[in-house]
Amino acid sequence: MGSNLWLQAIKQAVNRLGPWLMLLYLGRFTFFFRCLCVLSVGVLQAPVINASEYSISVDQRLMDRDWSFLPTVPPSYQSADDFSVVIDADFNNFALELGRSSLDLELLRATEPKDVSLSAIKDSVSFSYKLSNEQKITLAMSQQEADEQRFECYGFAGITVGSCDASDIQINSSDDKYNDLEGDLVSIKAKTGTKGVTFHQDSNSIWTDYWSVGLLSTTHDYRWLSPVEDINSPFILGLMFGGVTLGEAINDALRIFPQRGRWRLNQMNFGAGKRYPINKNVEFFTEADFVYLHYSNYQSVAGTPRYNIKVRAGLSVDFRPLTIEFYGNYYHHNLIGFEPISFNQRTEHHFKRAYGNVGIKIQFLF
């Protein structure tokens with residue numbers, strides 16, 4: 001099973017590389033151009049410098065709930081596919097990096113809406129300045145946006161509302177603001193924006209080859225629309241289903257919908273890594289990240305993690321100019337601090353549990 005898993009990851013990475021290179025430059029050109037203008041102030045005033053090294057990296061990460069060697073995931077988690085492309089230009093004393101990644105989480109439930117899968121795209125840009133041969137400081141910006149989620153039906157405390165076959169009651173509205181729903185009951189949109197600075201120090205000690213410390217801040221913006229929030233008929237709100245009124249059921253459910261008001265997640269990141277040569281071309285490597293989390297203007301429902309830990313371990317095979325890494329990731333509190341779009345009031349109860357995936361990274365230097 002192990003060899004088939006890595007072959008699957010390699011095949012998917014190669015098949016997706018070409019289209020993603022086009023998307024990297026064309027899909028969000030406005031975002032990249034704006035960020036580069038901000039990060040490159042001062043650099044553009046300097047004499048023209050040719051890059052000493054270019055690289056392109058393709059990274060494919062996979063999760064499946066049936067893989068027993070990964071942490072047990074919540075019941076709704078079925079599989080995950082995380083794919084990224086990064087292009088880096090390394091100059092004498094600074095570097096520029098552009099990246100694009102996709103996150104596809106297959107999430108299936110027993111109640112409506114049964115399919116709550118999440119698909120999101122993240123674009124990132126960073127500028128690194130070398131303070132010395134061992135030190136650098138990096139300014140980074142990214143934005144992540146999820147595909148709109150639309151649900152034909154929604155379960156409110158066991159009461160299914162909507163136009164699907166399993167619905168107990170159907171709600172319609174003549175208000176023009178709901179025209180875009182086109183008959184669906186709920187629409188949810190989400191996007192995040194992250195800015196941060198990181199200091200990196202090469203250490204070459206017995207314990208670490210490097211360590212880093214960084215400060216990041218992410219703004220979360222969620223918008224949802226549903227006619228159920230405008231129901232004001234006492235008769236409809238008072239309808240009883242299994243001993244619960246429809247009004248009570250709706251209020252309880254809307255309480256855990258994503259927060260409409262913007263909120264911010266601030267984090268302090270500590271990272272370190274070490275590589276251990278096995279032979280001339282193969283190394284075993286480990287990386288660890290500790291993330292301290294602080295929430296600003298977030299209205300918690302069931303409690304929020306105050307930290308997260310990510311550990312990566314794997315093998316690196318170096319056939320310059322090609323390098324391939326095979327690795328596994330462990331996240332102590334799911335993906336919070338690493339995939340901003342995945343966390344909100346609807347999902348926060350999943351973030352008390354661990355998460356893991358396996359991946360392959362292919363890097364080409366030229």
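Read the figures in this text as sums done on the coordinates, not as results from a lab. Keep in mind the model is a prediction, meaning the values are calculated, not measured. Reconstructed Cβ throughout: ideal geometry from the backbone, glycine too, with neighbour counts over all protein chains shown.
Where Lys and Arg each count +1 and Asp and Glu each count -1, what net charge lies around residue 365 among other residues with Cβ under 15 Å from its Cβ? Taking every Cβ under 15 Å from that of residue 365, the sum is -4. When restricted to Cα atoms, segment 219-366 yields an Rg and a Dmax of 22.5, 77 Å, respectively.
Here the calculated FRET efficiency for residue 245 and residue 199, from their Cβ-Cβ distance with R0 = 51 Å, stands at 0.35, rounded to the nearest 0.05. What the Cβ-Cβ distance of residue 221 and residue 108 gives, at R0 = 35 Å and to the nearest 0.05, is a FRET efficiency of 0.85. Among residues other than residue 317 whose Cβ falls under 14 Å from its Cβ, what is the net charge (Lys/Arg +1, Asp/Glu -1)? Residues near residue 317 contribute +1 overall. Springs between Cα atoms under 10 Å define the GNM used for the chain, and in it the highest mean-square fluctuation of 272, 157, 146 occurs at 157. In terms of its Cα atoms, the chain spans 74, 51, 37 Å along the principal axes, sorted from long to short. Residues 239, 96, ranked from the fewest to the most other C-beta atoms within 10 Å, line up as 239, 96. For the peptides 273-280, 331-338, the ranking by packing is 331-338, 273-280, with the highest mean count of neighbouring Cβ atoms within 10 Å listed first. Put in order of Cβ neighbour count within 10 Å, fewest first, the listed residues 97, 134, 182 become 182, 134, 97. Below 8 Å, C-alpha to C-alpha, sequence gap of six or more: please give me the relative contact order for segment 188-299 in percent. The value is 27 percent. Under the simplified labelling scheme, the residue 148-residue 213 pair shows an inter-label distance of 4.5 nm, with each label point 7 Å from Cα along Cα→Cβ. Over segment 67-165, the alpha carbon radius of gyration divided by the compact-protein estimate 2.2 N^0.38 Å works out to 1.63.
Just 240, 141, 63 to compare: in a GNM of the chain, with alpha carbon springs under 10 Å, which one fluctuates most? Its mean-square fluctuation being the largest, the pick is 240. In the chain, the DSSP-assigned H stretches of four residues or longer account for a calculated mean residue ellipticity at 222 nm of -4000 deg cm²/dmol, using -39500 (n - 2.57) per stretch and the full residue count as denominator. The length gained by stretching the chain between residue 165 and residue 311 to full extension, at 0.36 nm per residue less their Cα-Cα distance, is 48.1 nm. Straight-line cross-link partners of residue 310 among the lysines, defined as a Cα under 21 Å from its Cα and at least 8 positions apart when in the same chain: 122, 195, 274, 352, 361. Considering only alpha-carbon pairs that sit under 8 angstrom and 6 or more positions apart, the relative contact order computed for the chain is 14 percent. Partner lysines whose Cα lies under 19 Å from the Cα of residue 177, excluding those fewer than 8 positions away in the same chain, are identified as 189. Sparsely packed loop sites in segment 140-243 (the chymotrypsin sites (Phe, Trp or Tyr not before Pro) outside DSSP H, G, I, E and B with at most 15 other Cβ atoms within 10 Å) comprise 207. Mean sequence separation of contacting Cα pairs (under 8 Å, at least six apart), scaled by the length of segment 118-188, corresponds to a relative contact order of 27 percent. Normalised by 2.2 N^0.38 Å, with N the number of residues, the alpha-carbon radius of gyration of segment 111-180 equals 2.03. Count Lys and Arg as plus one, Asp and Glu as minus one, and take only other residues whose Cβ is under 14 Å from that of residue 288; the net charge is then +1. What is the distance in Å between the Cα centroid of segment 197-259 and that of segment 302-325? Here the answer is 26 Å between Cα centres.
Kindly provide the Kirkwood hydrodynamic radius of segment 111-151 in Å, to one decimal, from all pairs of distinct alpha carbon atoms. About 13.5 Å, per the Kirkwood formula over Cα pairs. Rounded to the nearest 20 debye, the dipole magnitude of segment 162-292 is 780 debye, with +1 charges on Lys and Arg beta carbons, -1 on Asp and Glu beta carbons, and the Cα centre as origin.
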